[in-house]
Amino acid sequence: MKSLAGKAVVITGAGSGLGAAYARHAAALGASIVVNDIGAPAAQATVDAIVASGGTAVAHAGDISSWSYAQSLVDACIDAFGAITGIVNNAGILRIGKILDLTEADLRRMIEINLIGTAACASHAARRMLAAGKGGSIVNVASGSQAGDVALGGYGATKGGVASLTYSWAMELRGSGVRVNALSPLAETAMAAQNKALMAEQAASREVHYATLPDPESNAPVVSFLLSDAAEKINGQVVRIAGKQLSFVTHPLIADPVVEGNWSFETVNAAFADTLIGQQQPLGLGYARKPN
Ligand SMILES: NC(=O)c1ccc[n+]([C@@H]2O[C@H](COP(=O)([O-])OP(=O)(O)OC[C@H]3O[C@@H](n4cnc5c(N)ncnc54)[C@H](O)[C@@H]3O)[C@@H](O)[C@H]2O)c1
């Protein structure tokens with residue numbers, strides 16, 4: 001039997017780029033897919049490709065930043081396939097801008113789509129999954145830029161917000177059978193092309209850099225895995241896929257050493273001078289290597 005047989009999955013922003021790759025891959029593994037995109041022709045093109053390959057999919061065009069549209073999208077999956085067992089909150093936008101350039105309009109639109117849209121779809125899906133009592137998998141989409149990146153402050157903030165939603169909702173739903181994870185993908189897409197001119201400056205500012213970007217298809221098996229019952233023990237994680245590298249992204253924790261004292265300006269100053277000054281955390285995406 002195919003790994004996703006019997007699954008009914010909504011994938012947002014699946015008219016192109018990574019979302020289309022996720023939809024095609026999950027459909028090939030037997031899932032029935034609701035293909036959402038803000039562009040109706042793009043959504044239909046993904047559906048046509050899936051159906052031509054013998055898969056099952058329906059298109060549902062709309063803007064996921066609308067809380068009520070998100071509900072109708074989730075309900076469309078139940079109408080079409082009798083259930084919703086998974087959702088991939090992939091739809092997102094990138095607006096580039098350093099601290100002095102980022103506009104209010106760009107920041108607000110990123111928050112509306114990347115953060116509020118993800119929250120709306122996840123919340124409605126969780127409500128339906130809990131009511132059905134058969135578990136489910138919510139896959140959000142974060143980004144390496146949640147660690148901070150040059151000209152990606154606003155975008156990274158929305159993705160850091162998505163990671164925080166993932167952690168909180170995984171805690172709340174623990175034990176219910178509904179799992180919440182996030183993916184931190186990497187691919188050559190229309191969005192990545194927007195960032196091309198900045199790549200050299202960004203790479204010089206952080207430990208991790210990539211000479212070339214992988215195909216969207218190389219990310220898709222991880223999404224299909226998280227949607228499957230094989231991932232039933234995986235919850236509350238941000239999973240990073242970057243070409244041949246598969247890993248978790250570290251959760252923000254309180255760092256060692258924890259200095260204890262009765263804190264005044266003078267003792268805080270001394271704690272920094274004596275201990276914390278050498279313990280500052282890195283900026284930007286790097287590797288949290290375990291000491292040998
Ligand atoms: N490409 C990468 O390397 C990379 C890295 C990290 C995270 N991501 C994230 O992965 C996701 C997909 O990225 P991509 O590179 O494929 O982007 P993309 O721009 O190539 O494709 C995004 C798709 O989402 C759709 N979309 C945009 N706004 C929408 C809305 N309001 N409602 C419904 N659909 C909407 C677009 O029409 C488009 O088809 C995004 O959340 C992005 O932030 C991408």
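Of all the listed residues (Ile99, Ile78, Ile84, Ile116), the sole one being within 16 Å of the chain's Cα centre (by Cα) and β-branched (Val, Ile, Thr) is Ile116. Against the test of being part of a helix (DSSP H, G or I), more than 9 Å from the ligand (Cβ to nearest atom), in contact (Cβ under 8 Å) with a residue 40 or more places away in the chain and over 16 Å from the mean Cα position of the chain (by Cα), the options Leu130, Leu165 yield a single qualifying residue, Leu130.
Let me confirm something: among Gly54, Gly17, which residue is more than 12 Å from the ligand (Cβ to nearest atom), among the small types (Gly, Ala, Ser) and at positive phi? Being more than 12 Å from the ligand (Cβ to nearest atom), among the small types (Gly, Ala, Ser) and at positive phi holds for just one of Gly54, Gly17, which is Gly54. Does any residue of the stretch 233-246 turn out to be under 31 Å from the mean Cα position of the chain (by Cα) and loosely packed, with under 12 Cβ neighbours inside 10 Å? Yes, that holds for at least one residue.
Note on the stretch 86-100: among residues that are more than 30 Å from Asp229 (Cβ to Cβ) and touching a residue at least 24 places away in the same chain (Cβ under 8 Å), the one that is farthest from the ligand (Cβ to nearest atom) is Ile99.
Conditions tested, residue by residue: (1) within 14 Å of the ligand (Cβ to nearest atom); (2) closer than 20 Å to Ser32 by Cβ.
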position: Ala193; (1), (2): yes, no
position: Glu201; (1), (2): no, no
position: Arg206; (1), (2): no, no
position: His209; (1), (2): yes, no
position: Leu213; (1), (2): yes, no
position: Ala220; (1), (2): yes, yes
position: Ser224; (1), (2): no, yes
position: Ser228; (1), (2): no, yes
position: Ala231; (1), (2): no, yes
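Tallying residues that are of a type in the set (Gly, Ala, Ser), in a loop (DSSP other than H, G, I, E, B) and either farther than 15 Å from Gly92 by Cα or free of Cβ contacts under 8 Å to residues at least 24 places away in the same chain (or both) within the stretch 1-53 yields 6.
Screening Met1 on (1) within 15 Å of the ligand (Cβ to nearest atom); (2) modelled with pLDDT under 95 shows it passes everything except condition (1). If the condition is being of a type outside the set (D, E, K, R) and more than 12 Å from the ligand (Cβ to nearest atom), then the stretch 101-110 contributes Leu102, Thr103, Ala105, Leu107.
The values are calculated or read from the model by the stated rules, or taken from the named source; none is laboratory data. Remember, it's a predicted structure, so these values are computed and weren't measured experimentally. Ideal geometry is used to build each Cβ from the backbone, glycine not excepted, and the neighbour counts take in all protein chains shown.
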